[in-house]
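Enquirer: Input: one structure, supplied below.
The values are calculated or read from the model by the stated rules, or taken from the named source; none is laboratory data. What you see is a predicted model; the values in this text were computed from it and never measured. Don't worry about glycine lacking a Cβ; one is built from the backbone with ideal geometry, like all the others, and counts go over all protein chains shown.
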Amino acid sequence: MITAAAIDRIATREAEAFRKANPHSLALATKAQANWFQGVPFHWMLDWPSPVPLVAAKAEGATLTTVDGRVLDDFCLGDTASMFGHSPKPLADALARQASEGLSYMLPTERGVELGEMLSAMFRLPRWQVTTTASEANRAVIRWCRGITGRAKILVFNGCYHGAVDDVFVDLKPHASGWAPKVRASVIGQVQDLLPTTTVIEFNDVAALERELKRGDIACVLAEPVMTNVGMVRDAPGYLDALRRLCSETGTILVFDETHTISSGYGGHSNAYGPQPDMMVIGKSIGGGVPCAVYGFSQEIAERMAALNASRPPGHSGIGTTLSANALAISAMHAMLGQVITHDAYRHMLEQAQRLVKGIEGVIAAHQLPWHVAQVGARVEFVCAEKPPTNGSEARAAMSHRLEAAIHLALVNRGILLAPFHNMMLLSPVTTDGQVDRLVHELNTVIGELLE
Ligand SMILES: Cc1ncc(COP(=O)(O)O)c(C=O)c1O
């Protein structure tokens, strides 16, 4: 058993080792305090378990080099943005070319016309729009769904995350009479009460889904087909089919946010495993790290959107931002879809993921730990709990934040970078057997030390 004292001992030792090994990162962290709020240009950069964030010098393929000259095997890959590898050559070439041809015109380009065809072929939805982030795509989708259905409410799953989207920050919390919805307490500056327009239920609960959708007042269900932001919660057998059926029966639009589950396979989870949503959102990796995202939809939804557009007065729609679909973003996605996000890339990623899952399962078995490994294609996590969670509440309860943080930092000090959120690991098309085996080996060492 891993004790609290062992976690403290390793966390203290590793924090000290980190300070010794990263003097330049430490010095820059101190310097940056003068101008950046809390010392970083973006406050999420503080979400790492290390005493200060590593300062990156460059990244290439599946490695990241710090300003201290340390080269890390990168399994974080920009928290999915670079999950097809850092700066793949076709992307780098496309960006260099576009940099000399202008970046933002507020006009379509020929490459953009081709990109539309590529999106439809890869994700099997006929109509598309571009935004600058996945958060923005989800906000746009929610507006469209409310607009075309005339229904105010949306439904999300407890523990979900779909980006900086006000409407989805509602959780289920224990309450005297069971569970009650509550606006997420951590959200800054939230003034509107979201409860009248956001319904939240547990994932995998068909009865709750049926009860809520049959009221006929939900515009859309916004869901990841497998939850990935509260740890991973797999769909129970038949659940997604029930979701699809109930949405169709009740005139509710089914939106799959595939920003993370694009890791499942070519064309995302819905194309690899079904069912097909009415609308789909994909951000982060679609531009290889260039800020852009897309949302796709069926012909029927497109016609309803067009009718809504034709019926509203001219003026602001509340959807879109100036840099959306600029030439840079289009070129980035064109290169990614055309040359990087390929069947061959997925074959390699999924093989590496299998290798990693097997390796970590071996470590867990060797140490007889009550842990398991969760996998969504090329996205893998080890979970310090025996049983896979079936919903957001169980997944939250399965988290061991201090233990996860101690392991994360110990691995950083051994040259391995996992995502700062629940030690998620991504396998890219350029991740090597050696990198996977090194991760398994070092994890085994760290766990052995935690058990001493
Ligand atoms: C499923 C999902 N959707 C949307 C987003 C938002 O992406 P972004 O922060 O790039 O807007 C995230 C971010 O983690 C996500 O996990």
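Enquirer: Out of (1) surrounded by fewer than 20 Cβ atoms within 10 Å (Cβ to Cβ); (2) hydrophobic (A, V, I, L, M, F, W, C); (3) part of a helix (DSSP H, G or I); (4) touching a Lys or Arg at 6+ places or on another chain (Cβ under 7 Å), what's the single condition that is false for L308?
Expert: (4)
Enquirer: So which of A134, A152 is of a type in the set (A, V, I, L, M), within 16 Å of the ligand (Cβ to nearest atom) and either surrounded by fewer than 18 Cβ atoms within 10 Å (Cβ to Cβ) or touching a residue at least 24 places away in the same chain (Cβ under 8 Å) (or both)?
Expert: A134
Enquirer: Let me ask you something else. Taking strands (runs of 3 or more DSSP E) that do not extend beyond region 112-176, which have at least 2 residues that are farther than 30 Å from A208 by Cβ?
Expert: 127-131
Enquirer: Can you go through V67, V52 and tell me which one is β-branched (V, I, T), in contact with a helix residue (DSSP H, G or I) (Cβ under 8 Å, 6 or more places away or on another chain) and under 30 Å from I188 (Cα atoms)?
Expert: Just one listed residue meets the conditions, V52.
Enquirer: Look through I188, I218 and report the one residue that is more than 21 Å from P389 (Cα to Cα) and either touching a residue at least 40 places away in the same chain (Cβ under 8 Å) or of a type in the set (F, W, Y) (or both).
Expert: So the residue among I188, I218 that is more than 21 Å from P389 (Cα to Cα) and either touching a residue at least 40 places away in the same chain (Cβ under 8 Å) or of a type in the set (F, W, Y) (or both) is I218.
Enquirer: Further question on the same structure: With T250, T198 as the choices, which residue is farther than 29 Å from A272 by Cα, surrounded by 14 or more Cβ atoms within 10 Å (Cβ to Cβ) and either among the charged types (D, E, K, R) or touching a helix residue (DSSP H, G or I) at 6+ places or on another chain (Cβ under 7 Å) (or both)?
Expert: T198
Enquirer: If you don't mind, there's one more thing I want to ask. Given the conditions (1) within 16 Å of the ligand (Cβ to nearest atom); (2) of a type in the set (D, E, K, R); (3) closer than 28 Å to G338 by Cβ, which single one is not true for D47?
Expert: (3)
Enquirer: Turning to a different aspect of this structure: Within region 162-192, count every residue that is in contact with a strand residue (DSSP E or B) (Cβ under 8 Å, 6 or more places away or on another chain), of a type outside the set (F, W, Y) and closer than 28 Å to A293 by Cβ.
Expert: Looking only at that region, the number is 10.
Enquirer: Which helices (runs of 4 or more DSSP H) sit wholly inside region 321-398 and have at least 3 residues that are within 23 Å of T228 (Cβ to Cβ) and touching a residue at least 24 places away in the same chain (Cβ under 8 Å)?
Expert: So the answer is 343-366, 392-397.
Enquirer: Turning to a different aspect of this structure: Out of curiosity, is L72 within 20 Å of the chain's Cα centre (by Cα) and either under 26 Å from M349 (Cα atoms) or of a type in the set (A, V, I, L, M, F, W, C) (or both)?
Expert: no
Enquirer: For region 74-84, state whether one or more residues are of a type in the set (A, V, I, L, M), at pLDDT 95 or above and loosely packed, with under 15 Cβ neighbours inside 10 Å.
Expert: No.
Enquirer: Against the condition buried (at least 18 other Cβ atoms within 10 Å of the Cβ) and not in a loop (DSSP other than H, G, I, E, B), how does E60 come out, does it pass?
Expert: no
Enquirer: Under 18 Å from E258 (Cα atoms) and either surrounded by 13 or more Cβ atoms within 10 Å (Cβ to Cβ) or acidic (D, E) (or both): does that describe G147?
Expert: So G147 does not fit the description; no.
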